[in-house]
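Working notes, structure below.
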Amino acid sequence: MKKLNFIVLLACITMVSCQDKLSEKTKKEIQEKQAFWQTRTELINKNKTTMEYPIKKDTTIGNETRFNAITLNSGGFQFEIYIDDVLLTNFKGEAAKGQGGRIGSEQLNPLLLTSGTHEIKVRMYPSYGKKVFGPGGAIALCFYHYRDGDLRTMIYNEKMRGEDGIWLDQDNEQWVSTKGEYGSPDYIKGHFEPKEPLPLKGLPIYEWRSTFDADVPYDLTGWRNSVNLQKEQEDEKKNIKAELIAEYKKVHEIIKNRDVEGYLKLVKDREELLGKTMYYTEKERKEKIKMAEELLNNSDYELEPLFEETFKLEYQAYGKLVTLLHLADGEGIIRLTNKKDPNENIYLDFLFQRKEKGGKLSVI
């Protein structure tokens, strides 16, 4: 199955699907996932902490257009990666089916709201179709920054093992790399050094956490001062899920009606934040708006209906952000299918915050 995730001004729709009830296939997928969700929830509750990141410090880099990023090199695992408890990226489900692993890079700036100490969390799962970890498998993470979009200025984070990176696996040794093109790691050449192995074999899920320092030339509020929605639910018995479902229905209606103006208003705060963290020019902003307008009227995709029995509430940012995930695959519940290729899906992800006590939920 092809999976396309759009988090920046991207949507494409046609009329609502004629499907008016949950398919037997989806019901079966949800049933098969029950044990997985229970185990995952138990892990999250077990690892819950009162410590929140980022721990702010004054920036010393002025107006430098610094981009912070990580390179990923994985094999044999499915995973989710969170920065300051907000999802950065994932490789799991149908996207990981038949795939040995994933190699690439991820921009961190959109989740780094200020300079300081940040938390990275890697939640690991067995390879697709397996219930527990077997032998083998690894994820390598390399932390670095560069200036002005030029990878030739790349500088590795030496406190995170520099260009060698951090290897998460069951081995008691890790590769020490040599530099490749533009300073990127080359793991084919090198030698081994001792390290602490992860106790993965036989487990259904494992979570690794660490912290790293990163500097950015801005200090943004974002969701840092937002209301803790999880505490509202737990302490004040607020029905956050019902409130969130009502907001998602509004989002669904906007997309169904091809309401470009309504969609741009919906994601305004999110896009302004992204523009600041990624240093968008005015030309780039206009291009993204144009892209949204074009895709919102794309007739190749069909908007799927919403089924409340498929929804799972998910908190992020230590309880300050909330979203709904689909119980069958853990992806967003606003989804579109290519009419020409049913295996190509677009998932539209939305995170909601409450800016102040008593305020409404809004997309960020």
Considering the Cα trace of region 130-169, what is its radius of gyration and what is Dmax, both in angstroms? 14.5, 44
Computed over region 212-298, protein heavy atoms only, probe 1.4 angstrom, the accessible area per residue in square angstrom equals 56
Just to confirm a number: summing +1 for Lys and Arg and -1 for Asp and Glu over residues other than residue 170 whose beta-carbon lies under 12 angstrom from that of residue 170, what do you get? -2
Largest first and in whole Å, give the semi-axes of region 207-301's equivalent ellipsoid, each being the square root of 5 times a Cα gyration tensor eigenvalue. 28, 25, 12
Ratio Rg/Rh, restricted to region 214-364 and using Cα atoms, in which Rh is the Kirkwood radius: 0.98
Taking placed amide H atoms and a strict 5 Å upper bound, the residues 5 or more places from residue 349 or on another chain that come that close are 6
Just the Kirkwood number for region 280-364, please: inverse of mean 1/r across all distinct Cα pairs, in Å, one decimal. 15.2
On the protein heavy atoms, probe 1.4 angstrom, tell me the percent of accessible surface of the chain carried by carbon and sulfur. 50
Taking just the alpha carbons, could you work out the radius of gyration and Dmax for the chain, both in angstroms? 20.8, 58
Flagged as over-length at 22 Å C-alpha distance, from 57/159; 56/355; 97/131; 56/238; 249/360; 121/288, the pairs are 56/238; 121/288
Output ³J(HN,Hα) for region 353-364: one whole-Hz value per residue in order, computed from phi by the Karplus curve 6.51 cos²θ - 1.76 cosθ + 1.60 with θ = phi - 60°, and x for Gly and Pro. 10, 10, 4, 9, 4, x, x, 8, 6, 9, 6, 9
Treating region 134-245 as a set of equal point scatterers at the Cα positions, no solvent, please give the Debye-formula log₁₀ I(q)/I(0) at q = 0.20 Å⁻¹. -1.06
Give the value in nm², to one decimal: projected area of the alpha carbon convex hull of region 17-68, averaged over all directions. 8.7
Tell me, what is the percent relative contact order of the chain, built from C-alpha pairs under 8 Å that lie six or more residues apart? 24
Could you tell me the ratio Rg/Rh of region 315-364? Both radii from Cα atoms, Rh via Kirkwood. 1.12
Cα pair count fraction exceeding 19 Å, expressed as % - region 75-172: 49
Which listed pairs, of 130/312; 231/357; 46/241; 46/357; 92/130, have C-alpha distances above 18 Å, in listed order: 130/312; 46/241; 46/357
Expressed in square angstrom to the nearest 10, the accessible area of residue 249 with a 1.4 Å probe stands at 110
Which whole-number percentage describes the relative contact order of region 220-342, with Cα contacts under 8 Å and a sequence gap of 6 or more? 30
Taking alpha-carbon centroids only, region 236-256 lies from region 273-297 a number of Å equal to 26
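The values are calculated or read from the model by the stated rules, or taken from the named source; none is laboratory data. Keep in mind that this is a model prediction, so the values were computed, not measured. Because the Cβ atoms are built from the backbone with ideal geometry, glycine has one as well, and the counts that use them run over all protein chains shown. Quick note on the areas: whole protein, heavy atoms, side chains included, nothing else; ligands and nucleic acids left out. Shrake-Rupley method; radii C 1.70, N 1.55, O 1.52, S 1.80 Å.
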